[in-house]
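*Asks:* Could you have a look at this structure, given as structure tokens, before my questions?
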Amino acid sequence: MSIDITKVESILAASGRGKGVLIPILQAVQNEFGYVPREAVDCVAETLDVFPVDIYGILTFYSQFYLEPRGRYTIRVCQGTACHVMGSKEVLDHFSRQLGIEDGGTTEDGVFSLERVACLGCCGMAPVVAVGEEFYGAVDMTKADELIATWRAKAEESE
Amino acid sequence: MSTEKKILICLGTSGIAAGGKAVLANFETHLAQAGKADEYRLVSVGDRGLFRDVLVDVIDGLGRTTYEHVRPEDVEDIVQTHIVGGELYAPRAAGADYHEFFASQTRIVLANCGEINPECIDEYCAAGGYAALQAAIFEPAHMLTDTVKASGLRGRGGGGFPTGVKWQFTADAPGEQKYIICNADEGDPGAFMDRAILEGDPHAVVEGMILAGLAVGATEGYIYCRAEYPLAIARLEVAIAQATERGMLGESILNTPKSFTLKIKAGAGAFVCGEETALIASIEGKRGNPVSKPPFPAQSGLWGCPTLINNVETFANVPPIVRNGAEWFAQYGTENSKGTKVFALAGKVKNTGLVEVPMGMTIRHLVDGPGGGMLVKRLPLKGVQLGGPSGGCLPASLLDTPVDYESITQTGAIMGSGGMVVMDTQSCMVDIARFFVEFTVAESCGKCTPCRVGLKRMLEILEDICSGQGTPAHLDFLSEMGETIKSMSLCGLGQTAPNPVLTTMKYYPEEYAAHVEDRECPAHVCAELVDFVVDDDKCIRCGACSRACPAEAVHWQKGQLAKIDSDRCIQCKACISACKFDAIR
């Protein structure tokens, strides 16, 4: 899949060349494409005069970067301590079963990606699940099914 | 302005998740319809630290009335009964629980959270904000450091290093360019005080950093905030813009020759970046690998320059200390741990939320007081997990341990950032240990062999124990490996990662023994050790298990004992969670 490389070029043009710019640039690239495409890595490496391997070193170190396209909505199931004690493992397993994907995977229709996260910082609402930017508290298996249905409907609506 | 009538609506991450924006919109509509829009000012405030869906405070002739669990559809009734009718709207009035939660706290850093509009610098100033800066800027820089030193403030991020001493080191370090960094990479699962402060009172952190800049002679600062906190980042951006506009930040602060600029760096998801040298590497645009100390960041930090790193809560303590004096602050707390600490109380307690108490309170006080006791009365407290993945689990017998740095360290746990997760008899301590090691294995940067390989071996053993493959020899291996990793790792992550295993082994030996000798999980958590059978004596034939089962494996008919079909059972434990009578083993 080829990408619109001019978008990467304009991100590079808008960014400074000073110290510590690499991670913000990669974050901007990911915001644009939803992941960091290989062509973008090559383009950034050439412009900033660094080796692509150093960029991959960073991309694979930080859990927020993706090297593959993601689903339209990312379901993030919190696995923090409070959520764990309140049964979040079962919730994650349930999402995994219902969507037919493992942690980190994307559904075939491209609607959902599933992700476990360390802590979303809303421990009072445990177990917490975030779909896109929306947060949901006290999620159990029934509520998980509802969330899948609601967001799938939303995806179909906007198509 | 006691006569001003206003309505406060909590709109932090939790408040928004519970539908707070719709509540706000409905207030706007219904106040306008009732012709009261000019009389009452609507203020969106940060989360107050107690999760009660949407909290709304009405301040008017009736005094201060708090409503909890407010749904968008309740707003019309509140407006009609309270605002128009002048009477309390009883169905949503906050109960005794709510008031007790706050009554037993001493709020210094959380004082403004849930009280002022975090996106309005005037409200922060009206609450005493930036007064410290206005006073301190005309005084010699060392006075600020002296005040912080005299207050006895210690780092709230976990280490507990005396803050004033750190400031002194940075101030004394030679170098033209120095930096201030705020560690807002709150990664401990189970801690969320920094998020609440950043969302509820961002100006306090900004002011604390400016004061630190003046004290050590730094002109640039960075706030390294985890990207999982988008609202906190947005509110910090607003605060920085407002403070710059008012001349509190930027060139020539308050028309003096002093300057200080602030930038936000969004983290990219790596727990180890909470470690200060890894955090610096990350700001520099590199992989977040820790490096050995010394040199400490105070001597050689960001881009080789002297750098002061404190965490969010530490910086938020600075303005009140400078405003009210070191003695005022030192009246709170114990001999060696001054002031207050914010704890994130979560898990199986009635009230989960942020609790700020003077240091030296006992854990029991926190759980029974603000916590309101256990969530389910028939399930007693089994343990309290302190300090996240670096901390440890304390049993019920140690509940009278005071919360101060030294007392907690003595138990084998650490204060850490203040996460406090309460567990009842439904939690398995071996599973909890496995859970934390799973986390640290995933988050280890991989630089040191003991941490990278040793933790992985520990996890494999713990997984074996949880699945019934454990042997008594495994337990010896765990303690030996744990001690090795602690003594041979470079950074705080590895040095503390075995703590959850070592403390649970120390305080719950019988539970480990049950797993390896009897192949039993007393808490019925480890799925492979659970038989999934229904106990005839305990079952009241209610059918809750059957309804909860996603695999249609629980057969039940009205008035009959439920039966679990082991061929269909996927061991998800939905039935165990659903059963209120412990009837499934």
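Laboratory data are not the source of any read-out in this text; all were calculated from the coordinates shown. Predicted model, so just to flag it, every value in this text is computed and none were measured. Positions of Cβ are generated from backbone atoms using ideal geometry, with glycine treated the same way; all protein chains shown enter the neighbour counts.
*Asks:* Once Lys and Arg get +1 and Asp and Glu get -1 on their Cβ, which of B:Pro380, B:Val355, B:Leu394 lies farthest toward the positive end of the dipole of segment B:340-424?
*Replies:* B:Pro380
*Asks:* If you don't mind, there's one more thing I want to ask. Report, in whole Å, the centroid distance computed from the Cα atoms of segment B:115-188 and segment A:74-132.
*Replies:* Using only Cα atoms to place each centre, the spacing works out to 37 Å.
*Asks:* Can you tell me which of A:Val91, A:Val53, A:Val131 moves the most in a GNM of chain A? Springs connect C-alpha atoms under 10 Å apart.
*Replies:* For chain A, modelled as a Gaussian network with Cα springs under 10 Å, the answer is A:Val53.
*Asks:* For the cross-link pairs B:Lys293/B:Lys486; B:Lys21/B:Lys263; B:Lys293/B:Lys338; B:Lys538/B:Lys563; B:Lys149/B:Lys178; B:Lys348/B:Lys558, which exceed 24 Å when the distance is taken from alpha carbon to alpha carbon? Show your work: numbers first, answer last.
*Replies:* Values: B:Lys293/B:Lys486 16 Å; B:Lys21/B:Lys263 29 Å; B:Lys293/B:Lys338 27 Å; B:Lys538/B:Lys563 13 Å; B:Lys149/B:Lys178 20 Å; B:Lys348/B:Lys558 32 Å.
Too far apart for the 24 Å limit: B:Lys21/B:Lys263; B:Lys293/B:Lys338; B:Lys348/B:Lys558.
*Asks:* Could you give each residue of segment B:98-114 its phi-based ³J(HN,Hα) in whole Hz, using Karplus coefficients 6.51, -1.76, 1.60 with θ = phi - 60°, and x for Gly or Pro?
*Replies:* Working through the residues one at a time gives 4, 5, 5, 4, 8, 4, 8, 10, 10, 9, 10, 7, 9, 3, 8, 6, x Hz.
*Asks:* Report the calculated FRET efficiency for B:Glu406 and A:Asp54 (r = Cβ-Cβ distance, R0 = 51 Å), to the nearest 0.05. Could you put the intermediate results ahead of the total?
*Replies:* Values: r = 44 Å, r/R0 = 0.85.
With R0 = 51 Å, the Cβ-Cβ based efficiency is 0.70.
*Asks:* Report, as an integer, the average count of C-beta atoms from other chains found within 10 Å of each Cβ along B:195-204. All intermediate terms of the calculation are to be shown ahead of the outcome.
*Replies:* On the way: counts 5, 1, 0, 1, 1, 0, 0, 0, 0, 0.
Rounded to a whole number, the mean comes out at 1.
*Asks:* Using the Cβ atoms and a cut-off under 10 Å, what net charge is assigned to the surroundings of B:Gln557, where Lys and Arg are +1 and Asp and Glu are -1? Before the final figure, lay out each step's value.
*Replies:* Details: positive: B:Arg541, B:Lys558, B:Lys563; negative: none.
Summing Lys/Arg as +1 and Asp/Glu as -1 gives +3.
*Asks:* May I ask for the angle, rounded to the nearest 10°, between helix A:52-61 and the longest principal axis of chain A, with both axes built from Cα atoms and the value confined to 0 to 90°?
*Replies:* Value to nearest ten degrees: 20.
*Asks:* Sticking with this one: What FRET efficiency do you get for B:Arg41 and B:Gln134 if R0 is 22 Å and r is their Cβ-Cβ distance, rounded to the nearest 0.05?
*Replies:* Numbers: r = 26 Å, r/R0 = 1.19.
The calculated FRET efficiency here is 0.25.
*Asks:* For every helix of n ≥ 4 consecutive DSSP H residues, a contribution of -39,500 (n - 2.57) applies; sum these over chain A, divide by its total residues, and give [θ] at 222 nm rounded to the nearest 500 deg cm²/dmol. Could the numbers behind the result be given before it?
*Replies:* Details: 7 runs with 77 residues, N = 159.
Value at 222 nm, helices only: -14500 deg cm²/dmol.
*Asks:* Where in segment B:41-55 is the amide nitrogen less than 16 Å from a point lying 7 Å along the Cα-to-Cβ axis of B:Arg71?
*Replies:* B:52-55
*Asks:* Sticking with this one: Net charge within 13 Å of B:Glu228 by Cβ-Cβ distance, Lys/Arg positive one each and Asp/Glu negative one each, not counting B:Glu228 itself? Write down the numbers at each step before the final one.
*Replies:* Numbers: positive: A:Arg76, A:Arg116, B:Arg195, B:Arg226; negative: A:Glu115, A:Glu133, B:Asp185, B:Glu186, B:Asp188, B:Asp194, B:Glu199.
With Lys, Arg at +1 and Asp, Glu at -1, the net is -3.
*Asks:* Against the longest alpha carbon principal axis of chain A, how many degrees, from 0 to 90 and to the nearest 10, is the axis of helix A:38-48 turned?
*Replies:* 40
*Asks:* Would you work out if the protein assembly as shown is rounded, prolate or oblate? Take a ≥ b ≥ c from the square roots of the eigenvalues of the alpha-carbon gyration tensor; rounded if a/c is under 1.5, else prolate when a/b is larger than b/c, oblate otherwise.
*Replies:* The shape class here is rounded.
*Asks:* I want the local charge near B:Lys573. Using Cβ-Cβ distances under 14 Å, sum +1 for each Lys or Arg and -1 for each Asp or Glu among the other residues.
*Replies:* -4
*Asks:* Pop a pseudo-label 7 angstrom from the Cα along the beta-carbon direction at both A:Lys143 and B:Gln557 and give the gap in nm to one decimal.
*Replies:* The modelled label-to-label distance comes out at 3.5 nm.
*Asks:* Quick one: if you stick a label point 7 Å off each Cα along the C-beta vector at B:Glu237 and B:Glu4, how many nm between them?
*Replies:* According to this spin-label approximation, the distance is 2.7 nm.
*Asks:* Lys pairs in chain A, Cα-Cα under 29 Å, at least 8 apart or on separate chains: how many? Intermediate values should be presented prior to the final figure.
*Replies:* Values: A:Lys7/A:Lys19; A:Lys7/A:Lys154; A:Lys89/A:Lys143; A:Lys89/A:Lys154; A:Lys143/A:Lys154.
Eligible lysine pairs with Cα atoms under 29 Å apart amount to 5.
*Asks:* Say each of B:Thr29 and B:Val376 gets a label point 7 Å from the Cα, pointing the same way as Cα to Cβ; how far apart are those two points in nm?
*Replies:* Between B:Thr29 and B:Val376, the simple spin-label model gives 3.9 nm.
*Asks:* Given a Förster radius of 51 Å and the C-beta distance between A:Asp4 and B:Glu100 as r, what FRET efficiency does 1/(1 + (r/R0)^6) yield to the nearest 0.05?
*Replies:* Details: r = 58 Å, r/R0 = 1.14.
After rounding, the FRET efficiency stands at 0.30.
*Asks:* Moving on. Kindly list the residues of segment B:435-470 that lie in the label zone of B:Thr484, defined by a backbone N under 16 Å from the point 7 Å along the Cα-to-C-beta vector.
*Replies:* B:448-462
*Asks:* Nothing charged except the Cβ atoms of Lys and Arg (+1) and of Asp and Glu (-1): what's the magnitude of the dipole of the protein assembly as shown about its Cα centre? Round to the nearest 20 debye. Write out the running numbers ahead of the final one.
*Replies:* Values: 65 positive and 95 negative charges, 191 e Å.
The dipole of the protein assembly as shown has a size of about 920 debye.
*Asks:* Same structure again: If you average the alpha carbon positions of segment B:235-256 and of segment B:382-405, how far apart do those two centres end up, in angstrom?
*Replies:* 41
*Asks:* Treat the count of other C-beta atoms within 10 Å as a stand-in for reagent exposure and order B:Ile83, B:Ile181, A:Ile3 from fewest to most.
*Replies:* Numbers: B:Ile83 21, B:Ile181 26, A:Ile3 16.
Ordered by Cβ neighbours within 10 Å, fewest first: A:Ile3, B:Ile83, B:Ile181.
*Asks:* Follow-up question, since we're still on this one. Using 0.36 nm per residue, how much length does the chain from B:Glu245 to B:Asp122 gain when fully extended, once their Cα-Cα distance is taken away? Walk me through the numbers on the way to the answer.
*Replies:* On the way: separation 123, 0.36 × 123 = 44.28 nm, distance 1.22 nm.
Length difference between fully extended and current span is 43.1 nm.
*Asks:* I would also like to ask the following. If you build a Gaussian network model of chain A, linking Cα atoms that sit under 10 Å apart, which residue out of A:Val77, A:Val129, A:Val85 swings the most?
*Replies:* Per the Cα network of chain A with a 10 Å cutoff, A:Val85 tops the list.
*Asks:* Only helical DSSP H runs with n ≥ 4 go in: add -39500 (n - 2.57) per run for chain B, normalise by residue count and round the 222 nm mean residue ellipticity to 500 deg cm²/dmol.
*Replies:* For chain B, the value works out to -10500 deg cm²/dmol.
*Asks:* In whole angstrom, note down how far apart the Cα centers of segment B:523-550 and segment B:1-63 are.
*Replies:* 44
*Asks:* For segment B:5-94, what is the largest minus smallest coordinate of the Cα atoms on each principal axis, given in angstrom and ordered from greatest to least?
*Replies:* Cα extents, longest axis first: 30, 22, 20 Å.
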